[in-house]
Amino acid sequence: LENLQPEIKELANRLRYEVSVRGKQLGWSEKVARVHFSRNMRRVVTELYVRDNCHPFKATLLLWVQVPMWVCVSLALRNCSVGALGSAVQEQFSSGGALWFTDLTAPDSTWILPFSLGLVNLLLVEV
């Protein structure tokens, strides 16, 4: 979408000029000229999206999948850690850690995991 912006701007200027010339020839009012410009501009931009296969909805598609998935996983982990699924699961979480985090039900007092996860997420977004 960002790569199309210069082309869209150029086409908008050209279309604005063509509509103003045609409007003067046919005696259109300013309102009618704006309607013709917006209708034709919408058509041109849609053709560009189809040509380059970059509809704006595709950019939000991942968000519509990722947010509900994140909520479900967060709720599942919370339910497991507070013992909502039974004492056997909570017992496994309290003794199933590794390295410095042996109890998965206790908060990380060193803040190593939250910072490392944040750093990895930042690196993935930037790369």
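Sticking to Cα atoms, compute the Rg of segment 3-54 to one decimal and its Dmax as the biggest Cα-Cα distance, whole number, in Å.
Using the Cα atoms of segment 3-54, the pair Rg, Dmax is 12.2, 38 Å.
Treating the beta-carbon of each Lys and Arg as +1 and of each Asp and Glu as -1, no other charges, what is the dipole magnitude of the chain about its Cα centre, to the nearest 20 debye? Mind showing how you got there, number by number?
Numbers: 13 positive and 11 negative charges, 257 e Å.
Approximately 1240 debye in magnitude.
Work out the P(r) tail for the chain: percent of alpha carbon pairs separated by more than 25 Å, whole number.
Numbers: 4672 of 8001 pairs.
Roughly 58 percent, once rounded to a whole number.
How much of the accessible area of the chain, in percent, comes from carbon and sulfur atoms when a 1.4 Å probe is used?
Numbers: 6710 of 10430 Å².
Roughly 64 percent of what the probe reaches on the chain is carbon or sulfur.
Could you do me a favour and compute the accessible area per residue for the chain, 1.4 Å probe, result in Å²?
Per-residue value: 82 Å².
Where in the chain are the DSSP H helices whose C-alpha atoms run 15 Å or more along the long axis and whose mean Kyte hydropathy is at least -0.5?
Details: long enough: 5-26 (31 Å, -0.92); 30-52 (33 Å, -0.66); 56-81 (39 Å, 1.02); 112-126 (21 Å, 1.91).
In the chain, the long hydrophobic H runs are 56-81, 112-126.
So what are the radius of gyration and Dmax for the Cα set of segment 58-126, in Å?
Taking only Cα atoms of segment 58-126, I get Rg and Dmax of 15.1, 43 Å.
The values are calculated or read from the model by the stated rules, or taken from the named source; none is laboratory data. Because the structure is a prediction, the values reported are computed rather than measured. Quick reminder, even Gly has a Cβ in these numbers, built from the backbone with ideal geometry, and neighbours come from all protein chains shown. Accessible surface areas use protein heavy atoms only, side chains included; no ligands, DNA or RNA. Shrake-Rupley method; radii C 1.70, N 1.55, O 1.52, S 1.80 Å.
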